[in-house]
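Only one structure is covered here, and it is reproduced in the block below.
All of the numbers you see were taken from the coordinates with simple rules; none came from a lab. What you see is a predicted model; the values in this text were computed from it and never measured. Note: ideal-geometry Cβ built from the backbone for every residue, glycine included; neighbour counts use all protein chains shown.
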Amino acid sequence: MLDMLEYGFMQRAFIAGTLIAIVCSVIGLFLVLRRMSLMGDGLAHIAFAGIAGGMFFNIYPLLSALVFTVLSALGIQRLKDMKVHGDAAIAIFFSFGLAVGITLISMSKGFGMDLFSYLFGSILAVNETDLAFISVLCAVTVALVWLFYKELFYITFDEESARAGGLPVEKLNTMLIVLTAVTVVVSMRVVGVLLVSSYIVLPASAALLISRSFQNTLFLAAAIALASTVVGLTAAFYFDAAAGGAIVLVLVGAFVSAMILHKLRVNAAREANLH
């Protein structure tokens with residue numbers, strides 16, 4: 001492990017992975033509890049258009065993806081406010097993003113490995129610019145969640161009561177969806193467009209099976225995401241595998257383990273009640 005950390009690219013990978021694991025687990029818990037898990041997957045595919053646009057117009061891809069994804073997230077929220085069903089609103093922008101991305105690719109001479117790295121993740125190729133960009137966005141996201149923690153908690157479990165209590169529910173929902181867009185963009189460098197929703201959903205889903213309080217679940221989800229990132233990166237380094245795929249496989253293993261633990265706990269409780 002110490003030998004691995006002698007390399008600068010591995011140091012940057014672990015720093016970026018740690019930051020993104022924390023952000024994904026935090027945002028993911030709110031999305032899973034609000035039954036908005038597909039939002040991450042939809043925004044990830046929408047971000048594909050931003051990446052393709054950045055490469056086509058020679059703009060920093062993560063920046064163009066951030067702008068395009070945030071605007072699309074706001075558009076989705078706007079459609080939902082107009083009584084369009086949430087899954088339909090996501091599907092509309094999902095289709096639009098893929099169409100834009102595919103069109104730009106067909107008009108170019110091909111983006112080669114650069115596009116491939118964003119589709120499947122390339123955390124080992126994270127450079128100083130990527131790390132600075134990721135660090136700023138992660139810091140802003142965590143800070144906003146911390147500042148509005150009580151309000152987000154309230155609307156997550158009882159949105160109608162929160163609205164009756166005078167909370168600005170629409171603004172809070174908009175903030176959450178924008179933070180989800182930011183989380184998706186920063187996560188693409190780790191696991192790629194095709195796997196980013198796994199990084200958001202799996203830690204929270206695993207933690208919910210084990211923990212019984214919201215705060216403990218939040219910390220447990222972060223711990224699962226961090227541990228999976230470290231194990232996945234280490235395995236990718238020593239077995240020369242794709243880091244994004246390795247991290248997600250570890251996350252799946254963590255979720256399966258949580259399912260088994262949950263089942264054992266339920267069976268034990270049943271047996272205790274019988275006796």
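Tabulated data for the structure shown
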{"quantity": "Computed label-point distance, nm, for sites TYR238 and PHE157 using a 7 Å Cα→Cβ extension", "calculated": "4.2 nm"}
{"quantity": "Distance between modelled label sites at ILE105 and MET4, nm, 7 Å Cα→Cβ extension", "calculated": "3.1 nm"}
{"quantity": "Pairwise centroid distance, computed over Cα atoms, of region 194-257 with region 91-167, Å", "calculated": "18 Å"}
{"quantity": "Cβ-based exposure ranking for TYR199, TYR149, in which fewest neighbours within 10 Å come first", "calculated": "TYR149, TYR199"}
{"quantity": "Selection from ASN267, SER197, LEU137 lying farthest towards where the dipole of the chain points positive, charges on Cβ", "calculated": "ASN267"}
{"quantity": "Packing-based exposure ordering (other Cβ within 10 Å, fewest first) of PHE56, PHE239, PHE93", "calculated": "PHE239, PHE56, PHE93"}
{"quantity": "Computed [θ] at 222 nm, helices only, for the chain once each DSSP H run of length n ≥ 4 contributes -39500 (n - 2.57)", "calculated": "-28500 deg cm²/dmol"}
{"quantity": "Ranking of ARG265, ARG163 by count of other Cβ atoms within 10 Å, fewest first", "calculated": "ARG265, ARG163"}
{"quantity": "Residue (of LEU29, ALA243, THR103) at the positive-pole extreme of the chain, dipole from beta-carbon charges", "calculated": "LEU29"}
{"quantity": "Debye intensity ratio I(q)/I(0), log10, the chain, q values 0.13, 0.14, 0.17 Å⁻¹ (C-alpha model)", "calculated": "-0.86, -0.98, -1.34"}
{"quantity": "Choice from GLY244, GLY121, GLY86 with maximal GNM fluctuation in the chain (Cα, 10 Å cutoff)", "calculated": "GLY86"}
{"quantity": "Magnitude of the charge dipole, the chain, Cβ model with Lys/Arg +1 and Asp/Glu -1, debye to 20", "calculated": "540 debye"}
